[in-house]
């Protein structure tokens, strides 16, 4: 039930809500050594039409200052870390 609501938040236009939803997804995947990884992977709406737009959303660094991309992650960085969170050194290669 909660997965449908979280997936709906990713398709919205509110950037703060998308950021918080992606942070929550990342935390859920890493919770309890990844016990719920499979359930989250199955429940995530991989076929949403709005997913490609997440890869285009990024925060521009102010000119003259270098910013650590993980300290204050943007939507694109959080989405990529969410995708990569399903890959681990023990993942079998087929």
Residues (modelled with pLDDT under 90 and either part of a helix (DSSP H, G or I) or touching a strand residue (DSSP E or B) at 6+ places or on another chain (Cβ under 8 Å) (or both)) located in region 10-28: 10, 15, 16
Selection status of residue 68, modelled with pLDDT of 90 or more, exposed (fewer than 14 other Cβ atoms within 10 Å of the Cβ) and either closer than 23 Å to residue 89 by Cα or more than 14 Å from the chain's Cα centre (by Cα) (or both): no
In region 42-53, the residues that are modelled with pLDDT of 90 or more and surrounded by 12 or more Cβ atoms within 10 Å (Cβ to Cβ): 43, 44, 45
Number of the exception - residue 33 against (1) modelled with pLDDT under 85; (2) farther than 22 Å from residue 84 by Cβ; (3) part of a helix (DSSP H, G or I): (2)
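The values are calculated or read from the model by the stated rules, or taken from the named source; none is laboratory data. All of these numbers come straight from a predicted model, not from anything done at the bench. Here Cβ is always computed from backbone atoms with ideal geometry, including for glycine, and neighbour counts include all displayed protein chains.
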